Structures are given as C-alpha cells and as structure tokens.
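**Q** Okay, handing you the structure first.
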Amino acid sequence: MKKILPLSLLLCILIGQAWAQTCTTTISTFPYFQNFDSNAGGWVSGSLPGASGANSWAMGIPIGAVINSAASPPNAWVTNLSGNYNNNEASYVQSPCFNFTNLIQPIFLAKIWWNSESGWDGTVLQSSIDNGATWQVVGTFGAPNNWYNSSNIGGSPGGQSIGWSGSGTTGSGGWVLAKHALTGLGGQANVRLRIAFGSDVSSTYEGFAFDDVSVMETPSLDLELTAFTSPVSSCALSAAENVCVTITNKGIAAQTNFPVSYQIGNGPVITETVTATIPPLSTYTYCFTQKANLATPTTYTITATTLLPGDGDPTNNSATRTVTSVPIISTFPYSQNFENGNGGWRSGGTNSSWALGTPAKQIIQGASSGVNAWVTNLTGTYNTSENSYVIGPCFNFAGLSIGDPDFEMKVWWASEAGLAGAVLQSSIDGGATWQTIGTMGQPNNWYNSSTISGNPGGQQQGWTGGAGGTATPPGSGGWVNVKHRLTGLAGQPDVLLRVAFGSNNWLAYDGFAFDDVRIVDNTNNLAINSFVPLMQSCGFGATEKVEVIIENLGAIPISNFHLQFRVDGGAWSAPATGNNLMPNTPTNFTFTQTANLSAAGPHSIEVRIVTNVGIDPEMANNTVIYNVTNTLFNTIPITLDFETPPTSMNAARIITNAKSSINEITGAGNGTGKGLVMDGIDNSKWIAPASNLDPWIKNADNFSAVYICLTPTNIGSDSLILTFDLKQLYKASMFNTNFRVTVNGNQVGQNYWPPFGGYPTGTTAPWKTIKVNLTPYKNKGSIQIGLESNVKEEYANGNGTANVIDNIQIVRVACSTCVGISENYLQNNVVVFPNPSNGLFNLKVPTTTRNYSVEVTDLTGKLVKQQTVTNNSGTTQLNLNGTAKGIYILKIASEGNVATRKLIVE
C-alpha cells in the first residue's frame, strides 16, 4: 500500500531541502575581504520561507535619497538601490561557505548603513553550521563597535527581534564600521553567514546597506579600551577626579606591563603602565594614579588609549568620554533663556532627539524668547521608542530654609495624545532616583494627562496631545507658562531637575519644547494679580470701588502689608492694611477709600504694595494699572469717525476679552480713512451659534464691545437718533460674524450677520447704514449705547472675519412742526460730488429758510476752509484747490443741526 504524504508536510520537506544546501565552494584563506566592486563574490539574496513581501535586495550603486553611495565605491548591497524596501519583507543576503578549521576566534567586520522604521523594521547578522537548516544570531543588543541598537524589532528579521533599526537620530547617519567576534565558530568547517532583513505591514524607508566585509582571526595581541567607568558628569567636579577605564584583552595571549594613557582635550598626555595580567577574553579596570583636574564648570573631552606594542587591531585602542562639571546654582532667583549656550543643561537617554537651537518644525516654531530653546528635534519629529531627558545644573537650596522655591518655564507641546509626552522630575541623590513634580490637573498649566503610555521618566503623568488622530487632551497651542512649587526641596544642597520625554514605538510628531526657566524663592513675595474691573460700561461717579486680587506666592503667611492707590497720577491714598494672607490663595482686597471717576474721558487707577522694599524678592509684580474711560457725553451731536483724537475710539469705553480685539485701522473705513475693526482670535473652543441667542451666551472669550454713554438735556419734543456705518466680513459661515446694538443693557433690533453663503463672487462686503431710534430713552437720564460683536477669527487685513464700524453719530432731529431742517434729514440729504476729487467739489443741500455754514478742517482740527451756502436747492461749489492731498472733514450746519462728510483730495 502506498503512503500518501499530506500536502503541508510535503511542502515543508521541499522547503527544507531547498533551504539546507551543501557548500560547493568554500573560503578557507584568511583574512577574507569582499567589497563587491568586481562581482557578488558568492553572496546571494533571497526571501525567507512564507514571506509575503518581495525581496528588495540588490547589489550595485546606491542612489537613494538617504543611502546614496557605497562605503568603497562603486558597489554595495542595499535593500533597493534607488528607493524603499517592501512591506512584509522577510529577506536576506547569504555569504559563501567559510572553513574556520584553522581559526581560533574569527572576527566579522563590515561597513553598514541603516535607515528603517524604528522598532518595526530592521536587520540582523546570523550564522549557520548546518547548511542553513538553523540560524543563530551573532552578538547581542548593545554590544560595542556599532552592534545592534534594538531588541524589539516588530518586523522580525531572521525570525527574531534583535538588530539594527531606526532612522534620523536612531539611524546610523551614514556608513559606520560594525565589528563582532564570531563566538563559537572557530574550528567549524562549514559556516554560512547571512544578513537578514524584516519589515512590517506599513511605512517603508530605504532600509539597510553593507559593504567591505572582512573575516579574520583574532590577533594574538589585541587590547581594546572598552569604556570609561569614571569620571562621570556631576555637580562641581574637583581638581582630583579619578580616571578609570575598562580594558578588554581581545587577543589570544595574556597581557601585562603595557602602557596606557589619557588626555583631556588638547592638554598633556598622561601615560602610565598597567602591571596587572589580563588573560585572553578578560577585562580589567585600571584607575590612573594621576587625577584629572575638572574643577572649572565646563564640558571636557577625555580620551584614553592602550599602547600595546604590536597590537593587531589599533582601531579599538581608544575610547572617548564627554564629561560635564555641572555648575552649582546657589543664588536665586535663577533664570535661564539659553541665549548664551546650554547654561549647564544637557541631554541624554535612549533614542534622544533633544537639541538646543531655533525650533523650525511643522507646529513648534521659534523660541519663547530670543532664538534658542530646547526641543525634541529642531526641524523634524521626535523618535519612536524614545526615553530621553534634558537635565539641568545642580541647585543648592540649602539657603532656602523657610519655604520651598517655585519653578516655572515656558513650554510648547504637540505630541501624540496619550502616547508621547513630557514631565518635570527632581532628584536629591545625584540622579539615582527621580521624583515627579506635581500631579495632573493642578493650576498654572500643569500636567494634562496621567496615562501617557510612552512613560516619560518611567511614569505616566505629564504634558501630551496636540498631534495625531486623538483630539484630547489638546496641545498647548503655542508657548504657555507652567509653574509649580518644588515641594520638599527647600534646604536640600544638591538638587537635580530634568525634563523627561517618552514616546511609544508607533508614530512621531513635533514633541516638546521648553525655554525661559526660572526658579525663585517666593518667601514674602506678595503680588497684585489683577484689578477687578468696574462692572458698569460707562457713567462712572465720584465714589467708584477700588478692588484688586492679591496673592501670597510664598509658602508662609504674610501679615501687616499695605496697599495704596491713586487716580490719574494724583496723590496716593492713605495706606490700607492687610493681615494673615495665606499662601497660594488669590484674595480680593477692597479699599475703603473710593475713586473719583466722574469727569468724562479716560482715567487710570494705579495700585501698589508698599512697605515691602528689600523684603519682597520680586518687586515687578507689586503694581497694577487699570485704565478706563468714562464715556459720558452731555452735548449733541456726538460724532466718532476715528480720524482725530477727539473722535477716536478713546472717546468710548472699549471692552475686549481673551479672544477678541478692537483696533482703529487705516484704510478700513468707509472711504480711505480709518475704521474701527472688531475681530476675534481663532481658537479650537469656538462653538458655532445655533440660534439668535447663542452668539451672546457662548464664545464669551470672543466678545467685544464699544460703549457710549450720554445724558441728553433739553431735547424737548425732538427725536434722538443713532446712525453708523457697518460692514461685516464673511468667512466660512455667516454665524462666525455676529453684531448687535444694545441700549441700557437690552438688545435693540435684530442680530446682524453677513448673508447666508457669503457675498456674490467677485464682490466685496458692502457698507450699510444702521439707524437706531433712541427717542424712547431720551428722558431717562443716562443712556448707555452698546455696539457689541462676537467674531470667530482675525480681521487678517480684510481677508478674515470682522465687524467694521465707521461714522458713528448721535443726532437730535427736530419735530415736524418746527421751522428748519431736521438733523437726520440734513445728514441724509447733503450731496458732495465728485469725491474724491482734485480739490474742486460740488455741494447740494436741502432747501430751507436759513443759510448753511460750511467748514472744512484737516484731521488735526485745523480750519482749512469756511464759507456760507445760501438757502437754495441748487449746487454750490467748494474750492479746495491748493490744499495738500489727504482726508478732510466737511461740516455743514443750520439751526444747530449738523451733517458731516469725509472729503478726499487726490
């Protein structure tokens, strides 16, 4: 009976037969060298069994954007000579057979260049002694001489996870020499080597290249200066620091009585003799008798070298260490803006992308002050699988025995929300352990997350968000000030602070930046945070309340402090006394004495803390000035055309919030003069209005207003009319531009918006004249008129959203039974043409029984022309020939009624 093998088993057998191949050509002469310039030298490429992605290996001239040359031109092996490797690739380049029968400890060397997706795609060197049936990884993660930099490559090169992986700062950055012993392969007659590559399902780069492969016997004489054990960067290093190095005997003969040296920078070379015996493949730590003088706070470069005569591999004889003698900061307040260098701050960690300079990234751009800031990569993204930090100088808080100091800095974060972020930490044991400063949700922009999976500083609290597919938590949206008390650190003589950053192994974005670091002892630091605004919009009296918010920024209560105020630079009030102000509790302080703001016009109230000179560590926060305008008009007419100081916005009460502004802008008016622009500041918290009421109960930060107060007298039976010109700019949605008029706090008339869908193509937003009847309010004493705006975005030189106002007038209109011309009729029926002109204008005025007086003034109020127009309905000529080009104000009056126009002479 015939046995029929299952198809799967048959395939496995066939694959195994194809994979395990007997050597036909064997290399047994050493040292071996292959640079692939003549041919492949018996090296061949292929795909591993089950690979779904195609093999991209090729031998030739690399011309990629990153890997763009051979180590020794012209040829090298590379995963795609001119582009990227493939997704789901599982490929290799396999060597010819080596016969190591006569070698005791063979060594592998090659020039390599890697540029792959960090943590996901990578390359490994493997060996086989059974014709490729099984493969073993050569070396381990973290071994010296540019050996593997990753131990968790998701693409599984050669069916495992160790190898070379990364790009940017985690890539090789060019051709580097990799070297490792082929441990256990000495004496083997049938050895194959392969460079195996693996990638995952997405995000391909240029990959891996190798060239100049060497295999040789370990020299009989080979000492390697493996590493420094001391000195290490620390606070205020001394003039007698130990210099200790680890020496490895890589040869096959024991070594003793050999010279070794060290040199600091370009200083003298210190040479001593090692008398100990180091057996083959053993290590020994040698400490020089002569100490190193590192007392000056700076960064030192120390190079140590073994000087064994006849050393077979001089490439491993030297090692270099950079050591910083970190300055000790004992004087406070401390501030550092990095404009004159790193100031003792230095970066480190795994896959660190930190750099000091001018950020020029997609989101994070520019320093907070000056040109320099610390940032995770100046121009690109942070690295995946990053666990890095920037550590500061040593802080001596021994003199701060009363209260803990406060730490603040400017920060900007834009990292993958919840997956990458930064944290501030402290250490009092030289960096052996670190404690996180503060917790999520504390005030002053402190941490916004407690679940950052990137584990900055080995924990999960910190600042995160602003990039990637998750909207929350958000990024900072720019430079913001963060502040926290360094709790428990007062009295500590040796404190280290660090900004730690952590990311996952997936995507990377801009990251984190910091600048303007400040540490201050806030004991006795009493600050005036703000003036409590006066609630009424106008119509101030002689007994207005003066109230400020004060705060004790220190850690102990403050008693017996005094405050004063003055109005408009006058005499200071009598000192008002406060007591027992607890730390970190903003408190309202109200003077018993009041302020006299009854006079119409602008006022300033200045408040100061007194009796604290020489005690308060920060005098700059002891004063606040509050400016307010009492816009109280009692004569009619009222004109605000924004062309002269008396008719400017300073004559009104201006209210703006955090995301709004009001400005007079030349060229924005109804003509070529100035207009009043009421716009917003775009932000992610804007909520699109959904009803007539919504614009005024939502988006409070975008609200702004112009308030005018008047106390009309002797109006009698005449009417009182408000008119002004309004232009509303449209962008994206009509509901992004909202406007209304209020009288005495109540809305009068409609909400004003641009038309649905915007203005017709090719047209600009038109001006329209708004008229409001104030007659019902004329006998109620004071009238408060509000022109209120709620706008989403910036004016942007006329390309954004805004409410633009010009030619505000409040006029008295005579009753219909009176003789003469009513003011609104006069204002609406005066015709000036042409306008602009070269100086010759025509005036047409309504018929009346009396004459008109005509005055023309420039924008400073200087009289330019004066004449009388007779009582007819014809046309009168106004000749301004000879006057300078510019804007002038025309005023036409009759019986106390006035009309104004802007004249433009070209």
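The numbers here are math on the coordinates, done by the rules we state, and not lab data. All of these numbers come straight from a predicted model, not from anything done at the bench. For neighbour counting, all protein chains shown are included, and Cβ atoms are generated from backbone atoms with ideal geometry for every residue, glycine included.
**Q** If each residue's Cβ is checked for other Cβ atoms within 10 Å, how do GLU793, GLU618 rank with the fewest at the top?
**A** GLU618, GLU793
**Q** Provide Rg and Dmax in Å for the stretch 20-114, with only Cα atoms included in the calculation.
**A** When restricted to Cα atoms, the stretch 20-114 yields Rg and Dmax of 15.0, 43 Å.
**Q** Give the cross-link partners of LYS780 among the aspartates and glutamates, using a straight C-alpha distance below 15 Å as the criterion and excluding same-chain residues fewer than 8 apart.
**A** ASP718
**Q** If you don't mind, another one. Plugging the Kirkwood radius over Cα pairs into Stokes-Einstein for the stretch 508-589, at a temperature of 37 °C and a viscosity of 0.692 mPa s, what D comes out in µm²/s?
**A** 208 µm²/s
**Q** Please report the Cα spread of the stretch 408-513 along all three principal axes, rounded to whole Å, starting with the longest.
**A** 45, 27, 19
**Q** Hey, what did the stretch 46-85 get for relative contact order, percent, Cα under 8 Å, at least 6 apart?
**A** Averaging sequence separation for qualifying contacts and normalising by length gives 40 percent for the stretch 46-85.
**Q** Given H placed 1.01 Å from N in the peptide plane, which residues other than close sequence neighbours of GLY554 have an amide H under 5 Å from its amide H?
**A** When sequence neighbours closer than 5 places are left aside, the close amide H contacts are ASN524, ASN525, ASN584.
**Q** Need one number: nm distance between label points at THR322 and THR229, each 7 Å from Cα along Cα→Cβ, rounded to one decimal.
**A** It works out to 2.5 nm between the two label points.
**Q** For the stretch 423-467, what's the radius of gyration and Dmax over Cα atoms, in angstrom?
**A** 11.1, 36
**Q** What's the ranking of 775-785, 225-235, 367-377, 275-285 by average number of surrounding C-beta atoms within 10 Å, highest first?
**A** Ranked from most to least packed, the peptides come out as 367-377, 225-235, 775-785, 275-285.
**Q** Among 488-497, 407-416, what's the highest-first ranking by average C-beta atoms within 10 angstrom per residue?
**A** Per-residue mean Cβ counts within 10 Å order the peptides as 407-416, 488-497.
**Q** Let me ask something else. Let me know the Rg and Dmax you get for the chain when you use only its Cα atoms, in Å.
**A** In order Rg, Dmax, the Cα atoms of the chain give 40.1, 134 Å.
**Q** Using a ≥ b ≥ c from the Cα gyration tensor of the stretch 178-242 (square roots of the eigenvalues), is it rounded, prolate or oblate, where a/c under 1.5 gives rounded and otherwise the larger of a/b and b/c decides, a/b for prolate?
**A** oblate
**Q** Would the stretch 461-599 count as rounded, prolate or oblate if I go by the C-alpha gyration tensor, calling it rounded below 1.5 in a/c and otherwise prolate when a/b exceeds b/c, oblate otherwise?
**A** Since a/c reaches 1.5 but b/c is at least a/b, the shape of the stretch 461-599 is classed as oblate.
**Q** Could you let me know the centre-to-centre spacing of the stretch 347-422 and the stretch 784-808, using Cα atoms, in angstrom?
**A** For the stretch 347-422 versus the stretch 784-808, the Cα centre distance is 39 Å.
**Q** Could I ask something else about it? Which number do you get for Rg(Cα) / (2.2 N^0.38 Å) in the stretch 337-471?
**A** Cα-based Rg divided by the globular estimate yields 1.07.
**Q** Another question, if that's okay. I need the semi-axes of the equivalent ellipsoid of the stretch 110-223: take the C-alpha gyration tensor, multiply each eigenvalue by 5, square-root it, list largest first in whole angstrom.
**A** 24, 17, 11
**Q** Under a crude label model (7 Å from the Cα following the beta-carbon direction), how far is VAL371 from ASN102 in nanometres?
**A** 6.3 nm
**Q** Which whole-number percent gives the relative contact order of the stretch 351-475, counting Cα pairs below 8 Å spaced six or more residues apart?
**A** Answer for the stretch 351-475 is 22 percent.
**Q** Alpha carbon centre of the stretch 29-57 versus the stretch 255-269: separation in Å?
**A** One Cα centre to the other: 42 Å.
**Q** Provide the packing ranking of 578-590, 646-658, i.e. peptides ordered by the mean count of other C-beta atoms within 10 Å per residue, highest first.
**A** Most protected by this proxy first, the peptides run 646-658, 578-590.
**Q** Tell me, what is the percent relative contact order of the chain, built from C-alpha pairs under 8 Å that lie six or more residues apart?
**A** 6 percent
**Q** Cα-Cα over 26 Å: which of LYS410/LYS545; LYS685/LYS771; LYS361/LYS410; LYS731/LYS891; LYS659/LYS891; LYS111/LYS250?
**A** Violating the 26 Å limit, Cα to Cα: LYS410/LYS545; LYS685/LYS771; LYS731/LYS891; LYS659/LYS891.
**Q** Pull up all non-local amide H partners of GLU794: gap of 5 or more, or a different chain, and H-to-H distance under 5 Å with H placed in the peptide plane.
**A** Answer set, sorted by chain and number: GLY680, ASP682, THR801.
**Q** Stick to Cα atoms and the Kirkwood definition of Rh, then tell me Rg/Rh for the stretch 643-759.
**A** Rg/Rh for the stretch 643-759 comes to 0.98.
**Q** For ASP313, ASP130, which order do you get if you count the other beta carbons within 10 Å of each Cβ and list the fewest first?
**A** In increasing order of surrounding Cβ atoms, one gets ASP130, ASP313.
**Q** Separate question: Once the cut-off is 14 Å, how many percent of the Cα-Cα pairs in the stretch 729-821 end up in the long-distance tail?
**A** Across the stretch 729-821, Cα pairs with separations above 14 Å total 72 percent.
**Q** Further, regarding this structure: To make sure I understand, if each residue's beta carbon is the centre and we count other beta carbons within 10 Å, what order do HIS562, HIS484 fall in, fewest to most?
**A** HIS562, HIS484
**Q** Where does helix 7-19 land angle-wise versus the long Cα axis of the chain, in degrees 0 to 90, nearest 10?
**A** 70 degrees
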